[in-house]
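One structure is given here, and the rest of the page talks about it.
Values in this text are rule-based calculations from the coordinates and carry no lab data. Keep in mind it's a predicted model, so treat the numbers as computed, not measured. Backbone-built Cβ (ideal geometry, glycine too); neighbour counts: all protein chains shown.
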Amino acid sequence: MCTVSWMRQPEGFRLWFNRDEQHDRADALPPAVYDDQSALPWIAPIDPQGKGTWLALNAAGVALGLLNYYPAQRQPAASGERSRGLLIRDLIPQVTQVERMGEALADLDLSVYPAFYLLGWDPEGVCWWIWDEKRLRRVAEAEVRAPITTSSFRPAAVAADRLEHWEHLPRPLAPEAVSAYHRACDPARSAYSVCMEREDARTVSLSEITVTPGEVLYRYQPKGRGPDGWQPATEVELPRSFLTNAL
């Protein structure tokens, strides 16, 4: 249950990501810088339950985002499954170009993960991989278009409705319009609203990423219940690195 969109900008990009979760899910830890000195420093909020993250940004200007792929997800979950968010934690310190992500994924045993969409952004473009618990495939470049949305409730209908609202945004797209799209909370539309709230789940945060030639910025704003539930935001930034000795 998430929605992600993005815009290219000169030598960078902007990215918005709504995270939707069950009401009883523990609050995420706010974004912080993680740096073990052996790879790229990176920024992400952390899910205290699975210990992973759904969206991370590194100093090279690469962002990795993960969404649940509900139609292919095992029910019930298999024993020994690993949290999908740990996959991003493993990859984000080493990736400098999303075009090379396939090399890293090919070396991993993905059978321990539930089905997922994995998206990677850098200043050169966007890549999208789908793991359906049987095989990993990369989505054709021509089909990778914003927004990408998932929902455990009527997934096709919800995705189509959110896309229709996206297509009605004024063109050319402005960052302010995209931000407003992600913040649009309409209680009457329930699960169909981009900023959604159902009896069992809701949008719990909005992450906004900005990559420029000089810096990378992660802005994270948690949300409580109701359309006015937005809470104070946290911003974390790093100077942009142009290292090329990683993936």
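List of remarks:
- Cα radius of gyration and Dmax for the stretch 2-239 (Å): 16.8, 49
- Residue ranges 225-236, 28-39, 141-152 sort as 141-152, 28-39, 225-236 when ordered by packing (mean number of other C-beta atoms within 10 Å per residue, highest first).
- The chain: DSSP helices with Cα axial extent of at least 24 Å and average Kyte-Doolittle hydropathy no lower than 0.5: none
- For peptides 3-10, 62-69, 109-116, 201-208, sequence by mean Cβ density within 10 Å, most packed first: 62-69, 201-208, 3-10, 109-116
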